[in-house]
Amino acid sequence: MSNNKTKASGGFADKFNNLTDTNLLLTITVVIFFLMYIGAMIFQGGLFLKPQGFFNLLNANAALVVLACGLSLVMITGGIDISVGGVTALVSMCCAVYLDKMGGNVFVSVLVALAIGLAFGAFQGFLVAYLDIQPFIITLAGMFFARGMTTIVNTKPFNVANEAFNKLKMARVIVPGMGSANRKGQYIDAYVEIGVVVAILVVIVMFCLLRWTKLGRAFYAVGGNRQSALMLGINVKRTRFLSHLLCGLLAGIGGYVYFLHVGSGSPAHASGAEMDAIASSIIGGTMLTGGVGNIAGTFFGVLSLGTIQNIVSSAGLGEAWWIGITRAAMLCLFLVIQSVVMVRKKKAS
């Protein structure tokens with residue numbers, strides 16, 4: 001009888017230990033997001049009370065969701081990639097020039113975006129995984145290179161006039177039953193942009209990859225302990241390479257989603273996007289030390305950053321420094337939470 005109790009208590013302890021890392025951090029992120037959003041609905045009202053307000057949050061941050069998913073993959077393996085913002089700007093500029101100056105095809109422009117992302121991911125991944133160069137240094141160089149190439153492609157910002165692209169950019173997915181009346185009493189359908197659909201599909205695919213595939217388990221194993229991963233027969237170098245390759249691919253996709261949202265090319269595009277993506281991943285429960293992370297948490301991390309920005313703006317503090325201060329405070333809060341979780345995990349073990 002006592003043995004059964006011991007086994008039962010051991011099973012409960014195992015579940016609790018699992019909850020104290022990935023699942024606990026995910027739960028905290030989701031709870032804080034909903035508390036912030038509900039608080040904004042109660043105390044600020046306005047667009048927060050309308051479904052379109054939430055959908056606008058998704059529309060504005062769809063590209064960041066994709067970029068943050070890529071960062072999460074790399075960070076789970078214990079790496080980092082700070083080139084994604086530069087790649088996004090380069091993708092936007094190259095696609096804009098191809099469509100507007102060269103009269104290109106929209107489908108081919110998507111392939112151009114994917115090719116740019118894959119090229120950066122493959123090159124940086126090779127240097128990190130097979131030459132064992134620090135990922136921060138490599139991706140820092142990649143960021144500088146991407147920003148420089150963006151300026152070389154075109155120095156001046158411009159809007160894309162390509163008719164087929166603008167039709168795609170202006171395409172909307174109507175959300176049934178979620179519309180609201182405007183000030184004139186007219187009913188307006190709620191909608192999301194095409195980029196939101198792409199971002200949600202990316203979240204679903206990456207979530208399934210990490211949760212139910214051998215490669216996903218390898219990412220966690222390599223990030224947790226590389227020596228142990230080697231002993232388990234995991235090809236650590238290939239796993240690290242694939243994490244950067246996928247991050248580059250997602251940077252290409254995210255770059256095109258960003259391009260669809262802004263509809264223009266500019267050397268200043270996506271400035272600071274890499275820092276926002278890293279912050280979103282951390283807020284979502286991905287640890288810089290590797291081995292812990294959740295794509296669902298990353299998604300809510302992006303929404304949390306966007307919500308705090310909207311709250312600050314609605315409060316009449318829309319200046320850049322106030323937004324930066326509140327984002328920094330949120331990031332510090334989640335870093336402290338992660339530290340507490342790790343301390344509890346060590347004590348439990």
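Look at ASP132 and say whether it is loosely packed, with under 12 Cβ neighbours inside 10 Å and not in a helix (DSSP H, G or I).
In short, yes.
When only residues in segment 257-301 that are within 28 Å of THR151 (Cα to Cα) and of a type in the set (Val, Ile, Thr) count, which is most open to solvent (accessible area, probe 1.4 Å)?
VAL262
Which of the residues spanning segment 51-69 are of a type outside the set (S, T, N, Q), buried (at least 18 other Cβ atoms within 10 Å of the Cβ) and within 30 Å of HIS244 (Cβ to Cβ)?
LEU57, LEU58, ALA62, ALA63, LEU64, VAL65, VAL66, LEU67, ALA68, CYS69
Scan segment 314-338 residue by residue and report those that are at pLDDT 80 or above and over 22 Å from the mean Cα position of the chain (by Cα).
Answer for segment 314-338, where residues must be at pLDDT 80 or above and over 22 Å from the mean Cα position of the chain (by Cα): SER314, ALA315, TRP321, TRP322.
Out of all the residues in segment 164-171, is one or more open to solvent by less than 50 Å² (accessible area, probe 1.4 Å), within 20 Å of ALA268 (Cβ to Cβ) and either in contact with a Leu (Cβ under 9 Å, 6 or more places away or on another chain) or in contact (Cβ under 8 Å) with a residue 60 or more places away in the chain (or both)?
Checked segment 164-171: at least one residue is open to solvent by less than 50 Å² (accessible area, probe 1.4 Å), within 20 Å of ALA268 (Cβ to Cβ) and either in contact with a Leu (Cβ under 9 Å, 6 or more places away or on another chain) or in contact (Cβ under 8 Å) with a residue 60 or more places away in the chain (or both).
I'd like the residue in segment 92-117 that is in contact (Cβ under 8 Å) with a residue 60 or more places away in the chain and touching a Leu at 6+ places or on another chain (Cβ under 9 Å) and, out of all such residues, is surrounded by the most Cβ atoms within 10 Å (Cβ to Cβ).
The residue in question is GLY117.
Hey, any hits in segment 41-64 for a residue that's among the β-branched types (Val, Ile, Thr), assigned to a helix (DSSP H, G or I) and within 13 Å of the chain's Cα centre (by Cα)?
The answer is no, given that none of the residues of segment 41-64 is among the β-branched types (Val, Ile, Thr), assigned to a helix (DSSP H, G or I) and within 13 Å of the chain's Cα centre (by Cα).
Filter segment 37-50 down to the residues that are open to solvent by 30 Å² or more (accessible area, probe 1.4 Å) and touching a Ser or Thr at 6+ places or on another chain (Cβ under 7 Å) and list them by number.
Hits for segment 37-50 are GLN44, GLY46, LYS50.
The values are calculated or read from the model by the stated rules, or taken from the named source; none is laboratory data. Note that the structure is predicted; figures quoted are calculated from it, not measured. Positions of Cβ are backbone-derived with ideal geometry, glycine not excepted, and every protein chain shown enters the neighbour counts. Quick note on the areas: whole protein, heavy atoms, side chains included, nothing else; ligands and nucleic acids left out. Shrake-Rupley method; radii C 1.70, N 1.55, O 1.52, S 1.80 Å.
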